[in-house]
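Only one structure is covered here, and it is reproduced in the block below.
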């Protein structure tokens, strides 16, 4: 287990997350892709903190911030989905884009 | 959690509920709420011939090896399975318990086929065109419909519940549309069946409510008191029930009847009656189906249990009677 | 590392126990009538799996936002005695701010069934 | 890690589950006014019978999740119990943040109970599963406040340190509200009595309404295991765990666990279950402020 | 042993992450994502971050439960009874994923990574606590206000009874003909607050204006509030 190996796994998670975020038609599935990207970021931060920062507390703080961002993203995202669904019986990304008109 | 002896699912009919409560106390038996947990299907009391299919469904849902026992009733025509238990409560319990161990399984009366045919036809094996079409695994998928309470149109689930739901009055069949756990609409298909005198004592009416409030042990105490002497004032027992805080557990204003009473006040009335050793006052439920619409499932069950079975029967004109009236 | 191994082993033991219990069980296959979901004798029009109308969805959103506070509270608890009243004051402020959100939600009726 | 703790864990789980069945039977017989024997013989006989019974399936279940749910639930109970020290330094999991690990167990219980109810594709289990999520999520908040309150005087998130911090005085004396709040959490974790929102009577058994044979037996067993794990944890955090004069540590812990079991069983049979909507409001509007006050009091005492 | 565990957990994290987009059941998808997070939490424990690692499991179990609730609520065919592929620009997405992975891996391998590992026995949770409290109240206040804003936004957006009454109260169904009378409703009843400003189309907007014209904004809100008190 080295920093490089941890970062490669993180890169893998980010890659899969990117694939999901780009390919999924549904807004909810798109959020799953974003979460997976965050997961990779979390792992990368932990790797850096553990191997390269000598356990500086700021590294852990950054990890907490990532989790907070995930929570905020989820709460806001789902609230938006509910609001949109109430007006348009759909949750698909395409219908979100048509709403912009 | 179930405790006791042989697990039986009691399919209760009419004029029998008090006797069933007596049978439930027998150490040789454990009544269970679902046929998945039962070894024996116990059919008791007067059965409507129209419930034959429902009974066959319950019978099929039992765990193998199935056994059917009829008690204080005749076999329904077209349901030629099982044996008759002796009349007396203790003999019947021993008989039923013995049936569970004999292992020549009964066959299912219904056809072994999915409710609708299903074949994978889409490119990914789906049942029909698109995501919602077809009948995957022999059953269509739920479709969206408007909602009573918060305006989010999500899927509605329509099903007939009963007549053998143990948490409902025996014989009650309702076609219910649910969204989530909230009843959107209910249509009463069959009214509950008339029951014996014992079932109308405040003890047993309270016991039914207490089971829904997750207090089975206290409910059992009430049943024992009723079987010992239903007309004796049980002040201590009423106080014990009150002390558990049941009245404050029930939301205020739930299930208003035509006289302005709610579930809480009707339960308080039962407790007074129990303490005074007299029957509880009758209530006038009004339109039961309309009352249940918009309620959460547990609340709806509490509303149903808060009326005596006679009250419910009076309020629900049976559809057959209504049809006759319409024809006239 | 020991923690992970212990948890993995315990999980393995319990999953194995459950699988062994199934292995020892009686007949497996269920004919179609037996598979009907239990409805007290009734029958359903559709599958029970559906776009389930959850009546408390707004509550869950408030919950995940509020629950983030736990992430801050655990490390806070470790240094609480050391930092004394300052730590108490900071957490007091933090919880007070979050409580506003809960009060607001309560006023909007999000804890009732929608 | 101390492997010597493993036999203790196994003993606690099995004997504790048996004790829980006995206590349940005693409580029921005392309340129902009948001899306890029938309530005692029944469950054992049924468990034996169910283990060899048929495993019924439904029309289109999520089979893997349905079948494995009891295993996950039991594993969570064991993982929760693993952080409990049976004696000084005698815990299977020794982690500087073991109290957070218990918190993770609580969160995963919600997931497992949800999966158990979702998987059979039947209405009653489905309603039970969602109902449980509605109460299981907010009930975690008081739980975390209580556990953090207990960590304050210990200045550590390690359960071992929390026990050691109770050498002079048990936490139940310093923070009496905490035990009460934690018991409510425990009722929810083990799906019992007033917090039994998953397997409730009005849903014909809720999330386990479609369970048959060994699946049913295993689910009930896992519930008992979780009951034992929770009781041991509550005894450790509030009643000083293995601390005590004369008797050996594990025995003290066993006695205290039994005491918590008695409280849990009594609460199961004596308190009614509110409709879920009322309970959710109660959790947020009453219990959450109470746990704020509890934390404030615990903080002031610890300073 | 640590290496073996790391390899296993990494494989699990990646496999679970891949399954998220390959299963039909939304419930399974969410919980595969949770497993991916749990595996990362496990790696966190191996990386001597016992707090962040375990807390990840805790937080993600909760978040994914909420995720499931919304997935099942709003996705068609949530249990995957009718399996289907719901993807667009599939090849492009795969390409983007692979490129991102390859780029980051190359960057990792080509850079000279600094090395300064955590000292064994360092009180990492304690350090984090001190850092959180800091000299000023900055971190707690920022976090508190952010989370409060999230809560309020979530309530405003998703609850039916918004600040000024029902979210859909006053919204008018589209007219039967462009600019015509809305179906099934009298214009006087409109004019409430539109929460979703994404109207129901052209004709609706026309009516919306009309509504505001004859019974202005102010007293209208008061009326709605009264209704909901």
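Read-outs: derived from the displayed coordinates by stated rules, not from any lab. A quick note: this is a predicted structure, and the numbers were derived from the prediction, not measured. When we count neighbours, we look across all protein chains shown, and the Cβ atoms used for this are built from the backbone with ideal geometry, even at glycine.
Points to keep in mind about this one:
- Which of B:272, B:59, D:269 has the fewest Cβ neighbours within 10 Å, and the rest in rising order: B:272, D:269, B:59
- Proportion of all alpha-carbon pairs of segment A:3-99 beyond 20 Å (%): 46
- Square roots of 5 times each gyration tensor eigenvalue, C-alpha, the protein assembly as shown, largest first, Å: 45, 37, 29
- Alpha-carbon spread of segment C:54-114, three principal axes, descending order, Å: 45, 18, 11
- Packing around the peptides E:94-105, B:259-270, taken as the average count of other Cβ atoms within 10 Å per residue, puts them in this order, highest first: B:259-270, E:94-105.
- Between helix C:2-23 and chain C there is an angle of about 20 degrees, using the helix long axis and the longest principal axis of the Cα atoms.
- A Förster distance of 41 Å, applied to the separation of the beta-carbon atoms of residue C:82 and residue E:107, puts the FRET efficiency at 0.50.
- Residue exposure sequence - B:187, C:51, B:232 - by fewest surrounding Cβ within 10 Å: B:232, B:187, C:51
- Test item: D:219-231 mean partner chain Cβ contacts at 10 Å: 1
- Cβ-derived FRET efficiency at R0 51 Å, residue D:22 paired with residue C:45, nearest 0.05: 0.65
- Cα convex hull volume per residue for segment D:1-114 (Å³): 165
- Segment D:76-159 shape via C-alpha gyration tensor axes, a/c threshold 1.5: oblate
- Value of relative contact order over chain C, rounded to a whole percent, pairs C-alpha under 8 Å and six or more apart: 32
- Descending semi-axes in whole angstrom, ellipsoid equivalent of segment D:5-302, from the Cα gyration tensor: 31, 22, 18
- Rounded, prolate or oblate (a/c below 1.5 giving rounded, otherwise prolate when a/b exceeds b/c) for chain B by Cα gyration tensor: oblate
- For chain C, the fraction of alpha-carbon pairs lying more than 25 Å apart is 64 percent, rounded to a whole number.
- Using a Gaussian network model of chain D in which every pair of alpha carbons under 10 angstrom is joined by a spring, one finds that among D:278, D:67, D:155 the greatest mean-square fluctuation is at D:278.
- Mean projected area of the Cα convex hull of segment B:6-101, taken over all directions, amounts to 5.2 nm².
- Each Cα pair under 8 Å and six or more residues apart adds its separation to the average, and for segment B:186-317 the resulting relative contact order is 33 percent.
- Relative intensity of segment B:195-280 on a log10 scale, I(q)/I(0) at q = 0.10, 0.12, 0.25 Å⁻¹, equals -0.22, -0.32, -1.31, per a Debye sum over C-alpha point scatterers of equal strength in the absence of solvent.
- Interatomic Cα distance distribution for segment B:232-301, bins of 10 angstrom, percent: 20, 45, 29, 6
- For segment B:4-109: relative contact order, % (alpha-carbon pairs under 8 angstrom, 6 or more apart): 29
- Helical mean residue ellipticity (222 nm; -39500 (n - 2.57) per DSSP H run of 4+; nearest 500) of the protein assembly as shown: -19000 deg cm²/dmol
- With neighbour counts taken as other beta-carbon atoms within 10 Å, the residues D:246, D:270, D:182, C:36 rank, fewest first, as D:246, D:270, C:36, D:182.
- Only Cα sites of segment B:142-328 enter the Debye sum here, all with the same form factor; the resulting log10 I(q)/I(0) across q = 0.08, 0.13, 0.18 1/Å is -0.27, -0.70, -1.20, listed in q order.
- Among beta bridges identified by DSSP and lying wholly in the protein assembly as shown, the antiparallel ones come to about 60 percent.
- Exercise: per-residue mean of other protein chain Cβ atoms within 10 Å, D:127-138: 6
- Among D:201, D:82, D:154: highest mean-square fluctuation, GNM of chain D, C-alpha pairs under 10 Å: D:201
- Per residue of peptide D:286-298, the mean number of Cβ atoms on other chains within 10 Å of the residue Cβ is 2.
- The largest-to-smallest principal axis extents of the Cα set in segment E:1-78 are 44, 23, 10 Å.
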